[in-house]
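Every read-out reported here was derived from the displayed coordinates using simple, explicitly stated rules and does not represent laboratory data. Everything numeric in this text was worked out from a predicted model, so none of it was measured. As a convention, Cβ positions derive from the backbone with ideal geometry for all residues, glycine included, and neighbour counts pool all protein chains shown.
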Amino acid sequence: MNVKRFVTNAIGENCYLVWDDTRETAIIDCGAWDELKETKMAQFVEDNGLHPCMALQTHMHFDHIMGLPFLHRQYGLQPLCHALEQPVYDAAPAMVREWFGQQMPPLVPVGDYLVDQQLLQLGNTHIRVLHTPGHTPGGLCFYLPDDKLLFSGDTLFQGSVGRSDLPGGDVQDLIRGIWNQLLSLPDDVTVLPGHGPETTIGYERQHNPYLSMSFAQ
């Protein structure tokens, strides 16, 4: 499995391109903020003969969706997310106006809704959908069991977890979901988060100060 990370905006959001030897490509959390970031990503796709066929969303906060109009325009992709993320998506333009005084491009239509434990097929690769609410109600992680890769969005970071103080957040759901869905994975699974550097399940199990057992009951 091949993975290319793009840091796509000023908030340091990680967008990932994922592909196997078929060149079919999933783009996870495209937060491309401007034309320069879009051009860089499109050039990488072209140079490597990739075929984007899936726009996967761990969640729909504005910093993870700014590149969706580009993906829709360039590759005809519609974002795939959990149904509970639709209100988060719909509220994103108002959040950008409130926080930054800027206007977002029109939202593109959402494609299929994803559900917990759903198995997606990308070329010859299986991607397991894991519902991990708490940062947002419909937060998802994407697990590639054959490659021991986990795309954790803003659920789990190196030494930290996602914030739960925004609308729809819930700290107990967040920690419970990490324990039940993520820490049940093998220690050597590489975690690729929505912000910051990669980590492993084993490292977070041992060292993450936010993973209190009291929330997992």
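Distance distribution P(r), the range 23-139, all Cα-Cα pairs, bin width 5 angstrom from 0: 2, 11, 21, 23, 19, 13, 7, 2, 0 percent.
Most mobile of Asn124, Asn180, Asn48 per a Gaussian network model of the chain (Cα springs, under 10 Å)? Answer for the Gaussian network model of the chain: Asn48.
Working note: Debye formula, equal point scatterers on the alpha-carbon atoms of the range 95-217, no solvent; log10 I(q)/I(0) at q = 0.16 Å⁻¹ is -0.81. The mean sequence distance of close C-alpha pairs (under 8 Å, at least 6 residues apart), as a share of the length of the chain, puts its relative contact order at 15 percent. The translational diffusion coefficient of the range 32-79, from Stokes-Einstein at 10 °C and 1.306 mPa s with a Kirkwood hydrodynamic radius over alpha carbon pairs, comes to 142 µm²/s. Think of each Lys and Arg Cβ as +1 and each Asp and Glu Cβ as -1; about the Cα centre, that makes the dipole of the range 1-144 roughly 80 debye. Binning all Cα-Cα separations of the range 1-64 at 10 Å, short to long from zero, yields these whole-percent fractions: 23, 56, 20, 0. With only the Cα atoms considered, the chain has a convex hull volume of 109 Å³ per residue. Selection among Trp19, Gln74, Phe142 by position relative to the dipole of the chain gives Phe142 as farthest towards the positive end (Cβ unit charges, Cα centre).
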